[in-house]
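First comes the structure, then the notes that go with it.
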Amino acid sequence: MGSGILPRCCAGLALVLVGLLLQDVLSGETGAASAPPVEASAMIDVATTQASLREHLKALTVDIGERSVQVPRNLKKTADYIRDFYRDIGIESRLEPYDYQGIEVANVVAEVQLAPGPKRRILIGAHYDSVAGTVGADDNASAVAVQLETARRVMALKGKMAFDLSVAFVSFALEEPPAYGTAYMGSRVYAQQALKRGERIDAMICLEMVGYACREPGCQSYPFPLMFFGYPKAGDFIGIVGNFASRGLARGVGDSFRKNPDLPVIQLTVPFNGWILPAVRLSDHASFWDAGFKAVMITDSAFFRNPHYHLASDRAETLDYGFMAELVESLVLFLASPAP
């Protein structure tokens, strides 16, 4: 996830005013359904998924290690690892290389069509680089692992469930500083290329730091002024963040996620592409917002929860693999749901 240095005070005051004037624009919703519907049962095997997630984290953070642009050979190893995984589960993938100051990096794109003439095309994205000096377990190996396991489960259910869509799984090469906020972000490169080629993207789901949970009251914080909005004090929920143009998508994702009673959800919809609350723009979804696509960020709230953010201590043993496995289930529930 990009830099956490934010101009909070003025943005926060503006957010309060907009929240009062446009209550339907800025909304937060929490909770989960009291009982799952039939289709939520046996969507994944949680124990098996946890084990697979652990294997991905070991591969990305131990076997490969730091995945910053300062270690380009490890970025290549990561791209190869992702491509090899897709090959092994029967999904074709490709590299979309681009130049970063004389270094070739590449977005990894894999796509599966789950129905003939699908009505929807959904992109699930996650950046695979880490901050220099870290192995980036939560930021952002957790998201890559969830992305890969979601793809595995979708392929296992192909032909057994009515998925009327195609899904593109895109792993972005660069998101962290010094690429953050520049044209070299993998998501910006992809979104701009998608615009030029007229690519259909009905929904972009950005996975950003999705592996850390804390359950002690007070362990969860929020950007000003959201700490006054009555949100939970413990960090055992997943956040869904959308802009005004994506509010229908965010609502649909939230409704689908609430079919999973084991993963609490908070939704936040912000106006003005999130500029009024800069903390919600610090990942790849903002590249798609700015390009005019509907996009939401799925997140554990990053530095508002995880004390290891951008530190060498962001390691695999700090993550909650049950929490991540439940997110895989929630994502599959969303993909199996009718269009919002």
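Read the figures in this text as sums done on the coordinates, not as results from a lab. Source: prediction; values computed, not measured. Heads up, the Cβs are rebuilt from the backbone with ideal geometry, glycines too, and the neighbour counts pull from every protein chain shown.
For residue 119, go through the lysines and keep the ones whose alpha-carbon is under 21 Å away, minus same-chain ones fewer than eight residues off.
Partners within reach: 158, 160, 294.
Could you let me know the centre-to-centre spacing of the stretch 95-109 and the stretch 51-66, using Cα atoms, in angstrom?
Cα centres, the stretch 95-109 to the stretch 51-66: 22 Å.
Just to verify a number: FRET efficiency for residue 273 and residue 215, C-beta to C-beta distance, R0 = 25 Å, to 0.05?
On the way: r = 33 Å, r/R0 = 1.32.
That pair, residue 273 with residue 215, gives E of 0.15.
Okay, helix-only estimate at 222 nm for the chain: each DSSP H run of n ≥ 4 adds -39500 (n - 2.57), divide by all residues, round to 500 deg cm²/dmol; what do you get?
Computed ellipticity for the chain at 222 nm equals -9500 deg cm²/dmol.
Report the equivalent ellipsoid semi-axes for the stretch 54-191 in whole Å, largest first, defined as the square roots of five times the eigenvalues of the gyration tensor built from alpha carbon atoms. List each step's numbers first, then the result.
Working: eigenvalues 141, 56, 27 Å².
Three semi-axes, in Å: 27, 17, 12.
Using Cα positions and a limit of under 12 Å, work out the aspartates and glutamates in reach of residue 233, with same-chain residues fewer than 8 apart set aside.
By straight Cα distance, residue 233 reaches 216.
Under a plain spin-label model, where a point goes 7 Å from the Cα along Cα-to-Cβ, how far apart in nm are residue 227 and residue 195?
3.7
Using the Kirkwood radius built from alpha carbon pairs, what does the Stokes-Einstein equation give as D for the stretch 213-268 at 4 °C and 1.567 mPa s, in µm² per second? Before the final figure, lay out the partial values.
Details: Rh = 12.2 Å.
Estimated via Stokes-Einstein, D reaches 106 µm²/s.
Taking the highest mean first, how do the peptides 227-237, 272-282 order by number of other beta carbon atoms within 10 angstrom per residue?
Numbers: 227-237: 15.1, 272-282: 20.0.
Going by the mean number of other Cβ atoms within 10 Å, highest first, we get 272-282, 227-237.
Using θ = phi - 60° and the Karplus form 6.51 cos²θ - 1.76 cosθ + 1.60, what ³J(HN,Hα) does each residue of the stretch 85-100 get, whole Hz, x for Gly and Pro?
With coefficients 6.51, -1.76 and 1.60, one gets 4, 4, 4, 5, 9, x, 10, 6, 9, 8, 9, 10, x, 8, 9, 10 Hz.
Which whole-Hz couplings ³J(HN,Hα) result when phi for each residue of the stretch 245-256 is put into the Karplus expression 6.51 cos²θ - 1.76 cosθ + 1.60, θ = phi - 60°, listed in order with x for Gly and Pro?
5, 9, 5, x, 4, 4, 5, x, 4, x, 4, 5
Just name one of 285, 113, 318: the one whose Cα is farthest towards the positive end of the charge dipole of the stretch 8-335 (beta-carbon charges, Lys/Arg +1, Asp/Glu -1).
Toward the positive end, the furthest listed residue is 113.
If you put +1 on each Lys and Arg Cβ and -1 on each Asp and Glu Cβ, how big is the dipole of the chain around its Cα centre, in Debye rounded to 20?
Details: 31 positive and 37 negative charges, 133 e Å.
Roughly 640 debye, rounded to the nearest 20.
Would you mind pulling out the separation of the Cα centroids of the stretch 298-323 and the stretch 175-234, in Å?
14
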